[in-house]
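First up is the structure itself, then whatever we jot down about it.
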Amino acid sequence: MTDPRARAPAVWAIRQVERRAGRPHGDGRLVLVAIRYNLRRELAFGMEVKRLLELRLRQLERTLRGKEERIVQLETENALLHLKLAKCRGSVKDSKEETTCLRRHLEDVRNIQKNTGCQLSQLFAGVKVLKQELKSLHSLAMDLSDQFQEKCKATLKEFLTVTEKQHLLTIDTNNLQGQVFQLGKSLQEVSGKYTAEKNKRKMLHNALIELRGNIRVHCRVRPSLPFDSGNDATSLSKRPGTASERVIHWIDDETVHVKCNRPGHTMVNKMFQFDRVYSPGDSQESMFEEVRPLLTSVLDGYNVCIMAYGQTGSGKTYTMFGPHSKENFSLSSEPQFDEGIIPKAARELYRLLSNKPLETHSVKVSIVEVYNNEIIDLLAKDNDGTVLGVKRDILTTVTGASKVPWLTYEHVENPTSILNLITHGLQRRIKHPTLVHAHSSRSHLVITITITTKVSAVNRSGMSGVTGTALRETSFINRSLSALSDVLGALAEQRSHVPYRNSKLTHLLQDSIGGDAKLLVIVCVSPAQKYTTESLQSLGFGTRARQVQKGHIRKKSPVIPENIGGRSSQNKSQGTQRSVSNFTSVQ
Ligand code: ADP
Ligand code: MG
């Protein structure tokens, strides 16, 4: 089985050679040569094989290297392809997401498209309507344009006419200017005449007032009020014989009738005449109409005194101030329909002053209470403004005028300040310790408004109001009222001595009721039978006061009298010639 060449190649080769040489068992030399030769051939062959094999090896190595390189290359390519694959997978994923988004977007777009389609169709309809409107507007515009053109033509025509007219007017204006110049001249003449007439009117007014007497007495009968009934049952009030029966009757503007026929009493049936009688229905306004001319007199330089006289409850406060409550007295800064003489007079005074040149006048106010024959300054104040009930003295100066040294005067600029001061003064009157229990009927309230005016001629004015509360059995009030009566009596009889100094009230009012001052006494009466005695007393006082004007019509004095509180000396010290006048109110 085993190949003999593989076991002993050299021996096998010798045998071969000997067989060929026919000497299967020749001598060894030839065999050796043959072997040597074979060996050489074998060697050469082996060398050749070796060379070929090496060549082949190198080839194979090269191929191997090439393959290895190729493998590396392929691996690299493979890696790259893997990368690409991963990338592609990523992009596929992105693309998928994008596609989803795009799908959604597409859906939205489709919806929008759908809506837009609807809107578009609506818009188309709108556009159609608008087009129609535009068409009609266009035709309207055309019409308007035609009309405008026509109007322009007409306006142009008018303009031409107006220009012509203007030309004519310019000529007229020139003529008118000439006339205006002439008119200006005549206006100056008329103004001169007007001033002369005004002065004449002033003189006539004063003459009229003087003719009516410097003391006038009016009577006011107030309406019946619930409290007049006293103890009467309300339903039975005003029946004959009861306390509330009306016994005082207004007859006409100058006459009042007192008729009382009460069983068991003296019968009364008396007529009284006054300069003016006001009925219960007469308003505050109609009453003030009678007072108004006195305010003109104040600015003409006269002292004016308005005095309300009557028993408690007869209407003095109502007449002088207006409706009021005892606890809380205040005057409104706004004009009120039913306000009394003082607020109306304050406003009227400033209305009259507003017609005068500015800076020519100054106004001041004093408020005093005459209580138990003592003068109490209701405007007095210390630094805290808390002083109450400061007493003042009254003196007679060398010229015979009355004067209250240290009396407080407050300067005022408008009616509101006057009314605020009065409200303040009256509230202090209520708080006053000595008066806290005293009813106002036991004291007199004297409000004086003093106007100082710079004048070229001597001029005086003033306003006084006296509200006399009557007939309480209080000795001081009776004394001051009888002193007032005595003063008026002395004036009526033209006695040389007038007893002003018998009471503080008459002393204080000396300038306002004596001399050439104008005095208005308003006698207030209640119509009720309950007050008959007191009403008869008041009417009697009024009648006596009226005698004064009958007895003597006094002429205005050209002398400036000294005023209450020594204001004249103060004015003199300022070195200006001034007129000083008072408006006084007494209650
Ligand atoms: P006096 O001051 O004299 O004591 P009042 O003025 O206080 O009296 O008047 C007493 C009451 O009568 C008040 O309630 C007042 O309002 C009322 N009164 C007075 N006169 C009139 C009038 N003419 N019209 C309406 N009420 C009046
Ligand atoms: Mg009163």
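The values are calculated or read from the model by the stated rules, or taken from the named source; none is laboratory data. Note that the structure is a prediction, hence the values are computed from the model and not measured. Here the Cβ is made from the backbone with ideal geometry for all residues, glycine too, and neighbour counts use every protein chain on show.
Being of a type in the set (D, E, K, R) and in contact with an Asp or Glu (Cβ under 7 Å, 6 or more places away or on another chain) is the filter; apply it to the range 384-410 and report the residue that is modelled with the lowest pLDDT.
Pass one, the range 384-410, residues of a type in the set (D, E, K, R): 384, 391-393, 403, 410.
Subset that is in contact with an Asp or Glu (Cβ under 7 Å, 6 or more places away or on another chain): 391-392, 403.
Numbers: 391: 88, 392: 91, 403: 85.
The extreme case among them is 403.
Given the residues 367, 418, which is the only one that is buried (at least 22 other Cβ atoms within 10 Å of the Cβ) and either part of a loop (DSSP other than H, G, I, E, B) or over 28 Å from the mean Cα position of the chain (by Cα) (or both)?
Numbers: 418 fails: either part of a loop (DSSP other than H, G, I, E, B) or over 28 Å from the mean Cα position of the chain (by Cα) (or both).
One residue alone meets the criteria, 367.
So in the range 291-330, with the set limited to residues that are touching a His at 6+ places or on another chain (Cβ under 8 Å) and not in a loop (DSSP other than H, G, I, E, B), which one is surrounded by the most Cβ atoms within 10 Å (Cβ to Cβ)?
So in the range 291-330, the residues touching a His at 6+ places or on another chain (Cβ under 8 Å) come out as 293, 296-297, 300, 312, 317-318.
Of the ones still in play, those that are also not in a loop (DSSP other than H, G, I, E, B) are 293, 296-297, 300, 317-318.
Numbers: 293: 15, 296: 18, 297: 26, 300: 20, 317: 23, 318: 18.
Going through the qualifying residues, I end up with 297.
Of all residues being within 31 Å of the chain's Cα centre (by Cα) and aromatic (Phe, Trp, Tyr) in the range 312-338, which is nearest to ligand 1 (Cβ to nearest atom)? Just the residue, please.
Narrowing the range 312-338 to residues within 31 Å of the chain's Cα centre (by Cα): 321-325, 327-338.
Filter again for aromatic (Phe, Trp, Tyr), leaving 321, 329, 337.
On the way: 321: 8, 329: 11, 337: 12 Å.
Ranking the candidates gives 321 first.
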Discussion item. Against the definition (at pLDDT 90 or above and either within 16 Å of ligand 2 (Cβ to nearest atom) or under 24 Å from residue 408 (Cα atoms) (or both)), how does residue 370 come out, yes or no?
Written reply: no
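Report, by residue number, each residue of the range 294-349 that is of a type in the set (S, T, N, Q) and in contact with a Ser or Thr (Cβ under 6 Å, 6 or more places away or on another chain). Show your work before the answer.
Step one: filter the range 294-349 for residues of a type in the set (S, T, N, Q), giving 296-297, 303, 311-312, 314, 317, 319, 325, 328, 330, 332-333, 336.
Passing the criteria: 303, 312, 314, 330, 333.
Would you point out which residue out of 364, 356, 381 is modelled with pLDDT of 90 or more and farther than 15 Å from residue 508 by Cβ? Let's see the steps before the verdict.
Values: 356 fails: modelled with pLDDT of 90 or more; 381 fails: modelled with pLDDT of 90 or more.
Answer to the check: 364.
Would you check which residues across the range 298-314 are closer than 16 Å to residue 344 by Cβ and either of a type in the set (Ser, Thr, Tyr) or within 16 Å of ligand 2 (Cβ to nearest atom) (or both) and list them? Lay out the reasoning, then the answer.
Of the range 298-314, the ones closer than 16 Å to residue 344 by Cβ are 298-299, 304, 306, 308.
Of everything in the range 298-314, those that are closer than 16 Å to residue 344 by Cβ and either of a type in the set (Ser, Thr, Tyr) or within 16 Å of ligand 2 (Cβ to nearest atom) (or both) turn out to be 306, 308.
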Practice prompt. Could you give me the residue pairs with C-beta distances under 7 Å whose first residue belongs to the range 494-508 and is crowded, with 24+ Cβ neighbours inside 10 Å, whose second residue is aromatic (Phe, Trp, Tyr) wherever it lies, and which are 6+ apart or on separate chains?
Written response: 506/500; 507/500
Response to the item:
Within the range 277-320, the count of residues that are under 28 Å from residue 229 (Cα atoms) and in contact (Cβ under 8 Å) with a residue 60 or more places away in the chain comes to 19
Practice prompt. Keeping to the range 295-311, report how many residues are in contact with a Leu (Cβ under 8 Å, 6 or more places away or on another chain), more than 11 Å from residue 582 (Cα to Cα) and away from ligand 1 (no atom under 16 Å from the Cβ).
Written response: 1
Worksheet entry | Some residue of the range 286-294 being in contact with a Lys or Arg (Cβ under 6 Å, 6 or more places away or on another chain), within 16 Å of ligand 1 (Cβ to nearest atom) and either on the phi > 0 side of the Ramachandran plot or among the polar types (S, T, N, Q) (or both) | no
Item to complete: Return only the number of the condition from (1) modelled with pLDDT of 85 or more; (2) in contact with a strand residue (DSSP E or B) (Cβ under 6 Å, 6 or more places away or on another chain) that residue 512 does not satisfy.
Response: (1)
Item to complete: State the number of residues belonging to the range 254-290 that are touching a strand residue (DSSP E or B) at 6+ places or on another chain (Cβ under 8 Å), among the aromatic types (Phe, Trp, Tyr) and either under 15 Å from residue 338 (Cβ atoms) or not in a loop (DSSP other than H, G, I, E, B) (or both).
Response: 2
Response to the item:
Looking across the range 331-364 at residues that are within 16 Å of ligand 2 (Cβ to nearest atom) and outside any loop (DSSP other than H, G, I, E, B), the single one that is nearest to residue 282 (Cα to Cα) is 341
